[in-house]
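Worksheet: one structure, shown below.
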Amino acid sequence: MRLRSEADYPDQQLTGLIIASAYEVHRVFGYGFLESVYKRAMAVEMRYRGAKVDREVRFELDHRDEDVGIFKADILVEDRIIVEVKTDRVPDPQAPTQLLNYLCASKLRLGLVLDFCPKLRIKRLIATPEQRAWRRGYDR
């Protein structure tokens, strides 16, 4: 397999592990369970494959040194990649925006949306430095 450029496709090995885990979980469970089942199964599968996994990771937002919001990412892998799990029959059109908010709040660059639909769907999202700065209000 030929690797693509790291600039365009960062963390290829780790995203490959996450994607392989998603396919295994989808193979075993198929479609139709609650989101919480897929989140736990993904955590188990990725740990089995050797990844450090944290669930329900909180990222706090503040403004003028006051808390204004909290985001909870479904899964954080190796402290680098946020994984957002969905279980709707069709992909949630708001999921990429939600993930981008999580990336900006966490100051991380890369995330994956995993839609455990009848057919597994995966969307990779890379937050640019400009998006992260704009969402955090640094350029205003």
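Sort through Val57, Val37 and tell me the only one that's in a strand (DSSP E or B), in contact with a helix residue (DSSP H, G or I) (Cβ under 9 Å, 6 or more places away or on another chain) and surrounded by 12 or more Cβ atoms within 10 Å (Cβ to Cβ). Break it down stepwise before answering.
Values: Val37 fails: in a strand (DSSP E or B).
Answer to the selection: Val57.
Just so you know, in the stretch 18-27 the residues that are touching a residue at least 60 places away in the same chain (Cβ under 8 Å) and of a type in the set (A, V, I, L, M) include one that is nearest to Asp115 (Cα to Cα), and it is Ala22.
Results for (1) out of contact with any helix residue (DSSP H, G or I) (no Cβ under 6 Å at 6 or more places or on another chain); (2) surrounded by fewer than 20 Cβ atoms within 10 Å (Cβ to Cβ); (3) of a type in the set (Val, Ile, Thr); (4) outside any helix (DSSP H, G or I), shown as yes or no for each residue.
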position	(1), (2), (3), (4)
Ile70	yes, yes, yes, yes
Ala73	no, no, no, yes
Asp79	yes, yes, no, yes
Val90	yes, yes, yes, yes
Thr97	yes, yes, yes, no
Asn101	yes, yes, no, no
Asp115	yes, no, no, yes
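Going residue by residue through the stretch 40-54, is there one that turns out to be surrounded by 11 or more Cβ atoms within 10 Å (Cβ to Cβ), in a strand (DSSP E or B) and not aromatic (Phe, Trp, Tyr)? Within the stretch 40-54 (the criterion being surrounded by 11 or more Cβ atoms within 10 Å (Cβ to Cβ), in a strand (DSSP E or B) and not aromatic (Phe, Trp, Tyr)), the answer is yes, since at least one residue qualifies. Within the stretch 28-41, residues that are within 12 Å of Ile75 (Cα to Cα) have Cβ atoms under 6 Å from residues that are assigned to a helix (DSSP H, G or I) in these pairs: Ala41/Val25, counting only partners at least 6 apart in sequence or on another chain.
Out of the stretch 117-129, which residues are part of a loop (DSSP other than H, G, I, E, B) and more than 15 Å from Ala95 (Cα to Cα)?
Step one: filter the stretch 117-129 for residues part of a loop (DSSP other than H, G, I, E, B), giving 117-119, 127-128.
Of everything in the stretch 117-129, those that are part of a loop (DSSP other than H, G, I, E, B) and more than 15 Å from Ala95 (Cα to Cα) turn out to be Pro118, Lys119, Thr128.
Inclusion of Arg64 among residues that are open to solvent by 50 Å² or more (accessible area, probe 1.4 Å), more than 13 Å from the chain's Cα centre (by Cα) and without any contact (Cβ under 8 Å) to a residue 40 or more places away in the chain is warranted.
The values are calculated or read from the model by the stated rules, or taken from the named source; none is laboratory data. Here the structure is a predicted model, which is why all the values come from computation and not from measurement. Here the Cβ is made from the backbone with ideal geometry for all residues, glycine too, and neighbour counts use every protein chain on show. We work out accessible area using only protein heavy atoms, side chains counted, and drop any ligands, DNA or RNA first. Shrake-Rupley method; radii C 1.70, N 1.55, O 1.52, S 1.80 Å.
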